[in-house]
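What follows is a short report on a single structure.
The values are calculated or read from the model by the stated rules, or taken from the named source; none is laboratory data. Values in this document were obtained by computation on a predicted structure and should not be read as measured data. Neighbour counts are summed over all protein chains in view; Cβ atoms, including those assigned to glycine, are modelled from backbone coordinates with ideal geometry.
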Amino acid sequence: MNSTDSGLAGDGLAVDVIDIVDPSDPRVDDFRDLNSVDRRPDVPALPGGRVGKGLVIAEGVLVAQRMIASRFAPHAFFGVDRRMGELDADLRDPSLRGVPFYRASAEVMAEVIGFHLNRGVLAAARRPVERTVVDVIEHARTVAVLEGVNDHENIGSIFRNAAGLGVDAVVFGAGCADPLYRRCVRVSMGHALLVPFAKSQDWPGDLDVLRDSGFTTVALTPGEGSVPLAGAVSGGKVAFLVGAEGPGLAEHTMRRCDVRARIPMSRGTDSLNVATAAAVAFYERARV
């Protein structure tokens, strides 16, 4: 194994900088084979019933910065010298004292992770204890609730929209993809790590928890019986429900909601992408 430890004592960095020159160095295993279905470190369950590492991986300077600012405490970084320089101020955070920053060339990094990463830096964190629905809605005014949304890019976009348009929390109902999957975190620009979220353990029963906490539950649907969205966003607390591309929300879920609302459409269009529809609803709510 060829590596050089260069802790850079006295330079003010909290992290320990360790140079990696051998792609097989086991110290960077938490970043290895990011595209491999059989070995990737960011999934809790691997094929064949094997237990995965389930790590949370942040890609790029901005997402790494948001991980540092979140409850997902990074336990290691891996990147090129240039990106380490761009993170200089962040890597002085006392909470990172002793965390390794594995520095490598772009070529070594590509061999480890399995592809060339233009963003040039990764951070890894272990998953903290999951929050409950009661926890994340306690101080919320506006909540997004997802059912059957199994596309990571859509989930990442919804998080990004939620962060930009004042949504306080996200609740995941049945059939949703993992919000901490690497692609989701990347597409969200790190907001999946900052916007509070919880996975429902009693779906759709947790809609009653929302109602008991004072939320008006609004099912977004173009279907019969829906009212224009603008007339359904003015409650003191509002929870918007969105469903999967195509089938949308389940009928039995919509029956448990207080109101069904639609986005007025033109030119024969019957629906929008789920992340776009959510953004329209969040914007209407932000205007109230």
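Tabulated data for the structure shown
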item: Pick from segment 180-192, criterion in a helix (DSSP H, G or I) and touching a Leu at 6+ places or on another chain (Cβ under 8 Å), ranking: nearest to residue 132 (Cα to Cα); result: 192
item: Unmet criterion (only one of (1) surrounded by fewer than 18 Cβ atoms within 10 Å (Cβ to Cβ); (2) in the same structural domain as residue 243 (by TED's automatic domain parsing)) for residue 118; result: (2)
item: Of all residues making up segment 214-234, the number that are closer than 12 Å to residue 137 by Cα and over 25 Å from the mean Cα position of the chain (by Cα); result: 1
item: Of all residues making up segment 184-220, the number that are without any contact (Cβ under 8 Å) to a residue 40 or more places away in the chain and more than 14 Å from residue 174 (Cα to Cα); result: 7
item: Counted residues, segment 154-173 - those being surrounded by fewer than 23 Cβ atoms within 10 Å (Cβ to Cβ) and under 10 Å from the mean Cα position of the chain (by Cα); result: 2
item: Positions within segment 41-92 being assigned to a strand (DSSP E or B) and under 22 Å from residue 16 (Cβ atoms), in sequence order; result: 56, 57, 58, 59, 74, 75, 76, 77, 78, 79
item: Test for residue 46: is it crowded, with 19+ Cβ neighbours inside 10 Å and closer than 30 Å to residue 130 by Cα; result: no
item: Any hit, segment 93-107, residues being more than 22 Å from residue 185 (Cβ to Cβ), hydrophobic (A, V, I, L, M, F, W, C) and outside any strand (DSSP E or B); result: no
item: Residue among 280, 195 that alone is surrounded by fewer than 20 Cβ atoms within 10 Å (Cβ to Cβ), modelled with pLDDT of 95 or more and not in a strand (DSSP E or B); result: 280
